[in-house]
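Participant: Okay, here's the structure, questions in a sec.
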Amino acid sequence: MFYFRINRIRILDNHKNAFLFLGDSFVQVKLISFITSDADIPILDAWYSENDEDVKKQLLIQAVQQVASARIFNEVANVKDNSVLTFGDTGYVLYSSPDIPDNFNWCLTVIKDDNNTNEIGRQLESAVMQPEFDVFAASLGTLILGAVNPAYAAGVMIAKFLTNVVATTLKNNPDDQLGLLYMSLNKQEHYRYGERKRDGIPDLTGNIRVDYSLFAVKQELQ
């Protein structure tokens, strides 16, 4: 079994300017998480092997919808500058699998929850209907050219594509994005013995710090 948990998030700046004596500088925050691993890519294996372009596109649509449907929308209220979001004493499982993946990829976006959340949900649900998807589908083969594990590499690109869908929705309100984290792990280098725990990992914006852990154990046959 394989479990990946988020334990804590520290938000340095909640991007809300409080005016003196005019109210609190609290915001609502949403966490949007996309995870792909080589334990969950039978559709992408079929996509990579397929030669018929129409069938290939339909398989890619299914793969994108599968990753998008597995997103995590967690809402946290009353977040101020330097708030620490703690997920209990055991953390919160964002992803689990009966198989231990050799490769694992995580994209996390932290946003202010104002009027954008419903729109983001709609955009993700209709991502495969957008013109950007056709561009992505046409270029994906080139993007993963030379990859050791093409199906897994395609899964990584799907997660990044969906993260870009979120970013596009936020483009008119860039201040709503509080954090953005891309992370890729592999068993040989990062969790050879089935455990990994890291605290205070900075994101791309420099505005959040993330604590995460994973636990993996190979079940013996009875």
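Participant: Rounded to the nearest 0.05, what FRET efficiency do MET183 and SER97 give with R0 = 25 Å and r taken as the Cβ-Cβ distance? Could you check? Intermediate values should be presented prior to the final figure.
Facilitator: Details: r = 17 Å, r/R0 = 0.67.
Taking R0 as 25 Å, the efficiency between MET183 and SER97 is 0.90.
Participant: Still on this structure: Would you check the accessible area of MET157, probe 1.4 Å, heavy atoms only, in square angstrom rounded to 10?
Facilitator: 50 Å²
Participant: Count the lysine pairs in the chain whose Cα atoms lie under 13 Å apart, taking only pairs 8 or more positions apart in sequence or on different chains. Intermediate values should be presented prior to the final figure.
Facilitator: Values: LYS16/LYS80; LYS16/LYS112; LYS30/LYS112; LYS80/LYS112; LYS187/LYS218.
Taking the Cα cut-off of 13 Å, the pair count is 5.
Participant: Express in nm, to one decimal, how much length is gained between ASP13 and GLN130 on full extension, taking 0.36 nm for each residue of separation and deducting their alpha carbon distance.
Facilitator: Values: separation 117, 0.36 × 117 = 42.12 nm, distance 3.27 nm.
Between ASP13 and GLN130, full extension yields an extra 38.9 nm.
Participant: Continuing with this model, one more query. With the calculation restricted to Cα positions, what are the radius of gyration and Dmax of region 78-222 in angstrom?
Facilitator: Looking at region 78-222, its Cα Rg and Dmax stand at 17.5, 56 Å.
Participant: Using a probe radius of 1.4 Å on heavy atoms only, what accessible surface per residue do you get for the chain? Whole Å² is fine.
Facilitator: Numbers: 12080 Å² over 222 residues.
That works out to 54 Å² for each residue.
Participant: Would you work out what percent of the accessible area of region 25-158, with all protein chains in place, is carbon or sulfur (probe 1.4 Å)?
Facilitator: Using a 1.4 Å probe with all protein chains present, region 25-158 comes out at 49 percent carbon and sulfur.
Participant: I've got another one for you. Determine the relative contact order of the chain: mean sequence separation of Cα pairs under 8 Å and six or more apart, normalised by residue count, in whole percent.
Facilitator: Details: 397 pairs, mean separation 76.2, N = 222.
After rounding, I find 34 percent.
Participant: Separate question: At most 14 other Cβ atoms within 10 Å and a DSSP loop assignment: could you name the GluC sites (Glu not before Pro) in region 159-222 that fit?
Facilitator: Listed in order of number, the matching sites are GLU220.
Participant: Between ASP175 and VAL84, what FRET efficiency follows from the Cβ-Cβ distance if R0 is 22 Å, with the result rounded to 0.05?
Facilitator: Rounded to the nearest 0.05, the efficiency is 0.55.
Participant: Using 0.36 nm times the number of residues separating HIS190 and ARG122, minus their current alpha carbon distance, what extension gain do you get? Walk me through the numbers on the way to the answer.
Facilitator: Working: separation 68, 0.36 × 68 = 24.48 nm, distance 3.53 nm.
Between HIS190 and ARG122, full extension yields 20.9 nm more.
The values are calculated or read from the model by the stated rules, or taken from the named source; none is laboratory data. In this text the structure is predicted, and so the values were computed from the model without any measurement. Here the Cβ is made from the backbone with ideal geometry for all residues, glycine too, and neighbour counts use every protein chain on show. What goes into the accessible areas is simple: the full protein's heavy atoms, side chains included, and nothing from ligands, DNA or RNA. Shrake-Rupley method; radii C 1.70, N 1.55, O 1.52, S 1.80 Å.
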